[in-house]
1. Is it the case that the range 41-54 has a residue that's outside the structural domain of residue 105 (by TED's automatic domain parsing), under 19 Å from residue 111 (Cα atoms) and crowded, with 17+ Cβ neighbours inside 10 Å?
2. Across the range 57-68, which residue is nearest to residue 104 (Cα to Cα) among those that are part of a loop (DSSP other than H, G, I, E, B) and free of Cβ contacts under 8 Å to residues at least 12 places away in the same chain?
3. Does residue 182 qualify as being at pLDDT below 90, surrounded by 19 or more Cβ atoms within 10 Å (Cβ to Cβ) and under 17 Å from the mean Cα position of the chain (by Cα)?
4. Where the second residue is not in a helix (DSSP H, G or I) and the first is buried (at least 19 other Cβ atoms within 10 Å of the Cβ) and lies in the range 155-167, which pairs have Cβ atoms under 8 Å and are six or more apart or on separate chains?
5. Can you work out which of the residues in the range 109-133 that are surrounded by fewer than 17 Cβ atoms within 10 Å (Cβ to Cβ) and without any contact (Cβ under 8 Å) to a residue 60 or more places away in the chain is farthest from the chain's Cα centre (by Cα)?
6. Identify, please: which residue in the range 91-101 is in contact with a helix residue (DSSP H, G or I) (Cβ under 7 Å, 6 or more places away or on another chain) and surrounded by fewer than 21 Cβ atoms within 10 Å (Cβ to Cβ) and is, among those, nearest to residue 55 (Cα to Cα)?
7. Let me confirm something: among 79, 136, which residue is surrounded by 19 or more Cβ atoms within 10 Å (Cβ to Cβ) and either at pLDDT 95 or above or within 23 Å of residue 233 (Cα to Cα) (or both)?
8. Residues 28, 54: which one is modelled with pLDDT of 90 or more, assigned to a loop (DSSP other than H, G, I, E, B) and closer than 18 Å to residue 78 by Cα?
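The values are calculated or read from the model by the stated rules, or taken from the named source; none is laboratory data. Just so it is clear, the structure is predicted and the values come from calculations on it, not from any experiment. Here the Cβ positions follow ideal geometry from the backbone for every residue, glycine too, while neighbour counts run over all protein chains shown.
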């Protein structure tokens with residue numbers, strides 16, 4: 001039965017991933033998520049159901065539009081596949097539970113935020129602020145969960161996340177004389193991280209993001225994919241830190257305290 005349900009969640013995730021692609025494409029373009037129906041971004045031809053089968057359609061069409069032969073972004077099947085696999089893994093980890101539903105919501109939200117920031121260097125407050133309110137409401141539920149923090153822990157995490165990210169924003173603002181080196185959207189995202197993770201896992205999430213971001217920036221500069229003057233989206237890195245800390249943050253924190261205990 002668990003194998004069957006896992007497969008169901010994987011298939012459901014593939015379909016959800018297809019919808020997330022629509023959100024990622026249309027929000028920055030200020031387009032409706034419902035109208036017009038799915039269509040090719042190049043020739044505007046409406047897509048048939050056979051063109052919309054997650055992952056399978058991309059493979060069958062060899063990554064090109066059926067009607068105009070324009071290349072289809074590889075991001076589309078990758079998001080579908082990543083969402084399907086993650087839904088299956090999260091079901092295995094959480095089983096059927098309120099924590100599973102909340103975690104699936106967080107994953108979808110954070111994935112959309114990360115990819116929009118990666119492609120457009122935008123983090124929308126109208127997405128993040130309601131999510132912060134929802135995360136606080138989730139913390140009021142009597143779940144006794146190791147992943148969903150209780151109310152006061154969530155608020156403390158939100159305060160820490162906001163404070164740390166605001167400090168980084170101010171340092172970047174002063175250091176680069178007001179240049180857009182670090183967006184204020186990252187401060188909103190820091191607050192969301194905090195209420196999702198609570199304290200002390202928010203510390204782990206930010207530390208992971210700083211380490212990953214630092215290493216990633218060095219690699220990009222050394223390989224000449226980016227220069228020191230180019231903007232590197234920090235939102236996706238914060239999202240990675242958030243999700244890793246969400247699942248393993250307590251274990252990482254305990255390990256860190258044990259290693260550096262004086």
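1. Kept after step one, since they are outside the structural domain of residue 105 (by TED's automatic domain parsing), are these residues of the range 41-54: 41-54.
Okay, now just the ones that are also under 19 Å from residue 111 (Cα atoms), so 54.
Filter once more, so that each one left must be crowded, with 17+ Cβ neighbours inside 10 Å: 54.
Yes, because at least one residue in the range 41-54 is outside the structural domain of residue 105 (by TED's automatic domain parsing), under 19 Å from residue 111 (Cα atoms) and crowded, with 17+ Cβ neighbours inside 10 Å.
2. Among those that are part of a loop (DSSP other than H, G, I, E, B) and free of Cβ contacts under 8 Å to residues at least 12 places away in the same chain, it is 63.
3. The answer is no for residue 182.
4. The qualifying pairs are 157/149; 157/198; 157/199; 160/199.
5. Checked the range 109-133; the qualifying residue farthest from the chain's Cα centre (by Cα) is 133.
6. At the first step, the residues of the range 91-101 found to be in contact with a helix residue (DSSP H, G or I) (Cβ under 7 Å, 6 or more places away or on another chain) are 91-92, 94, 100.
After this cut, where a residue has to be surrounded by fewer than 21 Cβ atoms within 10 Å (Cβ to Cβ) as well, the list is 92, 94, 100.
Working: 92: 22, 94: 26, 100: 24 Å.
In this case the residue turns out to be 92.
7. On the way: 136 fails: surrounded by 19 or more Cβ atoms within 10 Å (Cβ to Cβ).
Step by step, each of 79, 136 is checked, and only 79 is surrounded by 19 or more Cβ atoms within 10 Å (Cβ to Cβ) and either at pLDDT 95 or above or within 23 Å of residue 233 (Cα to Cα) (or both).
8. It is 54.
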